[in-house]
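Below is one structure, written out as structure tokens; the observations come after it.
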Amino acid sequence: MSKSIFISCVHEEKYLIDWLHNWSRAGEFGDIVFIHAMEEDKRSAGDDDVRRYIMDQIDKTTAVVVLVGRDTHNHKWITWEVEIAQRRNKKIFCIRIPNTSGGVPPILKEYPIIEFKLEELKRSFRILN
């Protein structure tokens, strides 16, 4: 049975979602399918619409991947997405965006940071299969 993962990231870093999609399509993560992410900028729709959209996407998933980069710790949506994932008992993975060293949001301090490298991700995602 396939699993899906919601990808939480700062909108300006969404290009990394393509990498994850491509690796998944190539079968690198087994039966994990990356289909849930905010690939369009929905911020102009208003906070309530964004919240509903995110909750719906997270509810469809097995886990949440948080891409941690330069400014992740400054974004309310990242914290909110993690709070939703925690309340829904979703597995949470924190992945460091290459060549960044920004702070980790306080809500994620208890989670290990995984390098954005294919072998590291494969090893980490095995628990979902």
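So for segment 59-75 (the condition being without any contact (Cβ under 8 Å) to a residue 40 or more places away in the chain and among the basic types (Lys, Arg)), does at least one residue qualify?
From segment 59-75, those without any contact (Cβ under 8 Å) to a residue 40 or more places away in the chain are 59, 70, 73-74; that's our starting set.
If we keep only those that are among the basic types (Lys, Arg) as well, we get 70.
Checked against the condition, which is being without any contact (Cβ under 8 Å) to a residue 40 or more places away in the chain and among the basic types (Lys, Arg), segment 59-75 yields at least one hit.
Considering segment 76-103 alone, what residues qualify as being on the phi < 0 side of the Ramachandran plot and surrounded by fewer than 16 Cβ atoms within 10 Å (Cβ to Cβ)?
The first filter runs over segment 76-103 and keeps only residues on the phi < 0 side of the Ramachandran plot, leaving 76-88, 90-98, 100-103.
Across segment 76-103, the qualifying residues are Lys76, Glu83, Gln86, Arg87, Arg88, Pro98, Thr100, Ser101, Gly102, Gly103.
When segment 90-129 is examined, which residues are found to be in contact with a Ser or Thr (Cβ under 9 Å, 6 or more places away or on another chain), assigned to a helix (DSSP H, G or I) and more than 15 Å from Ile78 (Cα to Cα)?
Passing the criteria: only Leu128.
Would you point out the residue of segment 35-89, among those that are hydroxyl-bearing (Ser, Thr, Tyr) and more than 22 Å from Trp19 (Cα to Cα), that is modelled with the highest pLDDT? Working first, answer last.
Residues of segment 35-89 hydroxyl-bearing (Ser, Thr, Tyr): 44, 53, 61-62, 72, 79.
Then drop every residue that is not more than 22 Å from Trp19 (Cα to Cα), which leaves 44, 53, 79.
Working: Ser44: 61, Tyr53: 84, Thr79: 90.
Across segment 35-89, the extreme among qualifying residues is Thr79.
The values are calculated or read from the model by the stated rules, or taken from the named source; none is laboratory data. Please read these numbers as outputs of a predicted model, since none were measured by experiment. Quick reminder, even Gly has a Cβ in these numbers, built from the backbone with ideal geometry, and neighbours come from all protein chains shown.
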